[in-house]
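Right, one structure below, let's go through it.
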Amino acid sequence: MVQLTVERIFHTVRKLLTPGVNVITSKLTSKAQTTIPQPIRAALKLAEGDELAYEIRGEQVLLTKARQVSEGDNPFQTFAEWDSAADRKAYGNL
């Protein structure tokens, strides 16, 4: 049995996903769930708890590992000065 390294798995996935070559597939369950094949997990460096991003492009979907959101990426952090107990009391029932 050949032991695949991460680099080897990546090249295998890239070759399989090239147009005109075989494609990696998985089945959808009755609950709309699927298992991401191991070569795809390795190529994206996915681990338990990672979030995925799905980008719809016509009849295709691009699957990527979602980037981590940092404090600076939170658009509502700007409004933190309006998140006091007095504000919640005044506007909580709107």
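Which of the residues belonging to the stretch 49-91 are at pLDDT 75 or above and small (Gly, Ala, Ser)? Those that are at pLDDT 75 or above and small (Gly, Ala, Ser): GLY49, ALA53, GLY58, ALA66, SER84, ALA85, ALA86, ALA90. Scanning the stretch 6-44 for residues that are among the charged types (D, E, K, R) and surrounded by 10 or more Cβ atoms within 10 Å (Cβ to Cβ), which turns out modelled with the highest pLDDT? It comes out as ARG41.
The values are calculated or read from the model by the stated rules, or taken from the named source; none is laboratory data. Fair warning: this is a prediction, and the values are worked out from it, not measured in the lab. When we count neighbours, we look across all protein chains shown, and the Cβ atoms used for this are built from the backbone with ideal geometry, even at glycine.
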